[in-house]
1. Given the peptides 170-177, 53-60, arrange them by the average over their residues of other C-beta atoms within 10 Å, most packed first.
2. Nearest 0.05, what FRET efficiency do R57 and A19 give at R0 = 22 Å with Cβ-Cβ as r?
3. Give the angle, between 0 and 90 degrees and rounded to the nearest 10, that separates the Cα long axis of helix 42-58 from the longest principal axis of the Cα atoms of the chain.
4. Could I have the simple spin-label model distance between D165 and R136, label points 7 Å from Cα toward Cβ, reported in nm to one decimal?
5. Taking Cα atoms, how many degrees apart are the long axis of helix 208-220 and the longest axis of the chain, rounded to 10 and kept between 0 and 90?
6. Can you tell me how much longer the chain between A49 and Q27 gets when fully stretched, taken as 0.36 nm per residue apart minus their C-alpha distance, in nm with one decimal?
7. Once you wrap a convex hull around the alpha carbon atoms of the range 7-137, what is its projected area averaged over all directions, in nm²?
8. Would you mind calculating the relative contact order of the chain from Cα pairs under 8 angstrom and at least 6 residues apart, reporting the percent as a whole number?
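Just so you know, all these numbers are worked out from the coordinates, no wet-lab data involved. No experiment lies behind these values; they were computed from the predicted model shown. Virtual Cβ from ideal backbone geometry, glycine too; neighbours counted across all protein chains shown.
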Amino acid sequence: MASAPLLKDLEWLARQAGAILVAGYEQDHQIDFKGEIDLVTEIDHRSEAFIVDELSRRFPGHQVLAEERGGRDDGRNQWYIDPLDGTVNYAHGIPFFCVSIAYAVDGHLTLAAVYDPMRDELFTAERGRGAWLNGRLVQTGQQTELSRALLVTGFPYSIRETAEDNFDQFFRLSKLSQGVRRLGSAALDLCYVAAGRFEGYWELSLQPWDLAAGALIAREAGAMVTSVRGDLNLLQPPYSVLAATPGLHAKLLAALRSSA
């Protein structure tokens, strides 16, 4: 029976996969399209192959759900892997992307690591023990006034087809807040809420590998993290997220509902 992973295992995997991303950065890429605007590079596959192969070797029998390979999401020992969150940024030479790794036991997120190799920022968390940035404890902000809150959001790859395109919510919250940014990496958006760089983040349409690691990191830093419907369980479809300082979460939830 495979031993349980430790946070240092996730840290090592994230840093090694991050080195793969750096080695391929600003090179000519083999780009394929999974959808009309949803692309993937050979570096996504290379990073994911490294992580999945290491997990298979170190923790045989564990279930792995990864962005490019898919997999199962029904195990007692469950991994959620995004080998390159921010692929569009990466493919365009924009230095805002990361590796995201989360581990859950019986549906409860337990360990998380999100690594931004361009800034050498490693966000980590362990359930019940806190969240860290490069080994330093981080805490979310304490802002309670929506008008003074800096927010961040994202838009779905199906933006050209779906009615849930996030435009109404973006417009409403842009007028109610200090501003809304769109940076292109859900995992880093959540980590930035954890570190107090943003006071709130929401996105209407995601996948579990997008949000699992960042959600645990934000929660352990003191943020309130739910779906945009207010559900605490983020690992059930339809996947969405709302993370904010404790004093803002209810206000953001109400604003999103009123603009839906």
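1. Details: 170-177: 16.0, 53-60: 13.6.
Top to bottom by mean Cβ count within 10 Å: 170-177, 53-60.
2. Working from the Cβ atoms, E equals 0.75.
3. 60 degrees
4. Result: 4.2 nm between the two label points.
5. On a 0 to 90 degree scale, this one is about 70.
6. Working: separation 22, 0.36 × 22 = 7.92 nm, distance 1.93 nm.
Gain on stretching A49 to Q27: 6.0 nm.
7. Details: hull surface 31.9 nm².
Taking a quarter of the hull surface, the average projection is 8.0 nm².
8. Numbers: 608 pairs, mean separation 44.3, N = 260.
It rounds to 17 percent for the chain.
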